[in-house]
Amino acid sequence: MPQEENIKSKVSEILKRLKKERPEAHCELTHKNPFELLISVILSAQCTDERVNQVTPGLFKKFPTPEAVAKAPVSLLEKEIHSTGFYKNKAKNIKAASEKLVKEFNHQVPQSMEQLLTLPGVARKTANVVLGEAFGIPSGVVVDTHVSRVSQRLGLTKQTIPEKIEQDLMKLIPKKDWIDGGHLILLHGRYVCKAKKPDCQNCILNDLCPSKNILQGR
């Protein structure tokens, strides 16, 4: 299929340029171990990584392990994570997820998509981040609002549902690049191809972007 091959070639060039621009691209959530990463990703829903990184040092100082979080009163967890938004639901999820880690996974974060998805508060995006960043397992491509936006603007997908966008990207990006590729596209969306004011003039992908004329005319 010539068209698909052309798109794959385009994706290869996109990743090559993004890698050159951000050679050290990685998850920007501060963490020391898989458990801290898991909790941080759950807290990052509808919240910036910057805010999460302000909250988690205090949280993990008081509750450093799955057992500690599992035993903590929900009210205390809510107080610690209040500024991340949706704190009641997040507190409930991180407590329930920690309880499950203690009871069913020997206090350890599981290393499979199927097992991670059984944890409260964990969907594919969270599981992909944890597997890729903590364990180096390419289980899929992380698709958040930034990845969705950039992928659509670059013409890599016409889908709007994250799971379907991920399926399109997994077909276009070689499996060995799923982890780094997701980080690169995400960070490009966070810092350059922004939702309201995309910096098209300084974008290294400008000549590859079918949306540039529309975006530059904003």
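Computed values, structure above
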quantity	calculated
Within segment 124-218, helices (runs of 4 or more DSSP H) holding 1 or more residues that are assigned by TED's automatic domain parsing to the domain that holds SER9 and within 20 Å of ARG17 (Cβ to Cβ)	145-153, 162-172, 178-191, 212-216
Tally, over segment 1-50, of residues that are under 18 Å from ILE94 (Cα atoms) and among the small types (Gly, Ala, Ser)	3
Total residues in segment 5-32, condition over 19 Å from SER151 (Cβ atoms), at pLDDT 95 or above and exposed (fewer than 15 other Cβ atoms within 10 Å of the Cβ)	3
Members of segment 80-99 that are charged (D, E, K, R) and farther than 13 Å from LYS62 by Cβ	LYS88, LYS90, LYS92, LYS95, GLU99
Restricting segment 143-191 to residues that are among the β-branched types (Val, Ile, Thr) and in contact with a helix residue (DSSP H, G or I) (Cβ under 7 Å, 6 or more places away or on another chain), the residue that is nearest to GLN3 (Cα to Cα)	THR157
Scope segment 33-49; condition surrounded by 16 or more Cβ atoms within 10 Å (Cβ to Cβ) and among the β-branched types (Val, Ile, Thr); matching residues	ILE39, VAL41, ILE42
Test for LYS20: is it outside the structural domain of MET170 (by TED's automatic domain parsing) and not small (Gly, Ala, Ser)	no
In segment 97-114, the residues that are surrounded by fewer than 16 Cβ atoms within 10 Å (Cβ to Cβ) and either farther than 22 Å from ASP144 by Cβ or not assigned by TED's automatic domain parsing to the domain that holds LEU76 (or both)	LYS103, GLU104, ASN106, HIS107, GLN108
Options GLU36, GLU5: the member that is under 20 Å from the mean Cα position of the chain (by Cα) and in a helix (DSSP H, G or I)	GLU36
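The values are calculated or read from the model by the stated rules, or taken from the named source; none is laboratory data. Just so it is clear, the structure is predicted and the values come from calculations on it, not from any experiment. Here the Cβ is made from the backbone with ideal geometry for all residues, glycine too, and neighbour counts use every protein chain on show.
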